[in-house]
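Laboratory data are not the source of any read-out in this text; all were calculated from the coordinates shown. Since we're looking at a predicted model, the values are computed, not measured. FYI the Cβ positions are ideal-geometry reconstructions off the backbone, even for glycines, and counts take in every protein chain you see.
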Amino acid sequence: MMSFLRVPVLTLCLILSLAFMDPSKHSRCSAFSMSMMSATTPKVVPKGSAAKPYEKQKVAVFGAGGYLGGCIYGFLQRAGSLYGTGISGVGGSPRAVVATSAGSVSLNGILSKNFILAQADESFVKLTNMTSVDAIQSRLNGFDAAILGTRFTLEPRPVTLGSYEKSPNDKTMEFYMERPRIATVKGVDDTTYSLQLFNNILQACKSEGLRHLVVIETDSEFDTDTVAGDKYLALLEEVGVPYTYIRPVGSFENLKEYTYAKGVQSTLKITRPTSLEEFQSGSGTLYREDFAAVCVQALLSLDWSDNRVLQVEPVGSLDQEIADRAIPQREWCMNSDSLQELLAVAS
Ligand SMILES: *[C@@H]1O[C@H](CO)[C@@H](O)[C@H](O)[C@H]1NC(C)=O
């Protein structure tokens with residue numbers, strides 16, 4: 001049945017995309033395949049940025065030099081290049097906020113390898129004095145949403161010349177959204193500094209009037225048996241910027257030889273706990289790439305004016321049949337429609 005439908009849709013998509021080389025026309029093609037698809041899959045109405053694709057939202061990612069943050073940035077950049085997502089890909093968006101050029105170099109390594117020669121130059125990556133709320137706020141000018149972790153890996157670094165150094169000997173901490181896989185990062189785990197960083201980011205987001213935060217509970221990467229949510233949720237409630245707080249249930253790993261064209265690789269379970277007692281910990285393997293796609297899909301799909309806590313748990317690998325039907329160049333992440341449905345059901 002599926003292949004019967006799929007062949008004419010794909011053929012028509014190819015004809016349309018050859019006929020109209022203007023990238024803005026691609027949406028017609030995907031809108032058409034969506035309506036064909038609705039005969040077999042329930043249609044999910046987006047309530048996030050994708051609800052109004054013409055109002056392009058600017059999104060900042062904090063600590064994008066690590067692999068999780070880099071994947072989130074890469075997916076956002078792809079979403080920003082396609083019509084229909086409501087994510088801005090111009091005017092410095094998406095923006096990566098890092099502390100030094102080390103973060104920028106690391107992000108660009110991830111983009112060129114895992115996002116197939118993508119890159120982010122200095123109009124997209126901002127080296128920022130993260131100990132100053134004002135400095136962070138100035139990097140968010142005109143931005144609508146931000147994505148951050150709760151606990152950062154820190155790395156002592158000299159302040160990059162020409163960014164915000166006062167003297168050639170100024171030192172700072174590069175920060176990564178969670179625990180980076182690269183052995184070259186000599187990470188320091190300083191919970192006091194990390195919490196201050198989290199607070200500074202929240203204050204800056206509030207002062208700049210951001211409308212939504214996606215916050216990833218990264219604590220389990222440091223202490224596997226802590227349930228850390230209450231502290232951060234209390235801070236988020238206090239600050240009052242609407243949030244989607246996402247808890248990974250399981251431990252992060254990277255997929256081998258990953259590129260965005262491979263898309264979502266696992267079947268996930270997404271639940272919405274209503275109290276701290278329902279917070280779970282788990283020992284399953286959660287791929288950073290899939291988790292990054294959930295974070296971006298949350299911005300596209302979910303109502304920005306609501307607060308919510310979500311738990312994401314790995315269940316198994318994804319049925320390959322779903323993986324075959326789309327064209328990588330037309331998708332910000334292959335198979336992300338499976339995430340859209342999961343998020344719609346959970347929230
Ligand atoms: C970063 O900001 C803090 C707080 O405003 C300030 O004390 C410090 O000197 C700044 N660091 C640099 C290197 O500019």
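Extending 7 Å from the Cα toward the beta-carbon at both residue 90 and residue 275 defines two label points whose distance is 5.1 nm. Mean separation of Cα pairs under 8 Å and 6 or more residues apart, divided by the residue count, gives region 49-346 a relative contact order of 20 percent.
Can you run the Rg to Rh ratio on region 112-168? Use alpha carbon positions and the Kirkwood inverse-distance Rh. Show your work: numbers first, answer last.
Details: Rg = 13.9 Å, Rh = 14.0 Å.
Radius of gyration relative to Kirkwood radius: 0.99.
Each residue, residue 186 and residue 317, gets one label point 7 Å from its Cα in the Cβ direction; the gap between the two is 3.9 nm. Extending 7 Å from the Cα toward the beta-carbon at both residue 123 and residue 239 defines two label points whose distance is 2.8 nm.
Measuring between alpha carbons in the structure, the pairs from 56/126; 126/262; 56/206 lying more than 24 angstrom apart are 126/262.
Taking R0 as 41 Å, what FRET efficiency do you get between residue 230 and residue 161 from their Cβ-Cβ distance, rounded to the nearest 0.05? Between residue 230 and residue 161 the formula returns 0.50. All C-alpha pair distances within region 49-346, sorted into 5 Å bins from zero, spread as 1, 6, 13, 18, 21, 18, 14, 7, 2, 1, 0, 0 percent across the bins. Spatially, region 81-121 and region 229-250 are offset by 25 Å when compared through their Cα centroids.
Annotation: region 60-178 has a Kirkwood hydrodynamic radius of 14.3 angstrom, from the mean reciprocal C-alpha pair distance. Taken one residue at a time, the phi angles of region 265-272 give Karplus couplings (6.51, -1.76, 1.60, θ = phi - 60°) of 10, 10, 8, 10, 10, 10, 10, 10 Hz. Gly and Pro are set to x. The order of the peptides 294-307, 133-146, 54-67 by mean Cβ neighbours within 10 Å, most packed first, is 54-67, 294-307, 133-146.
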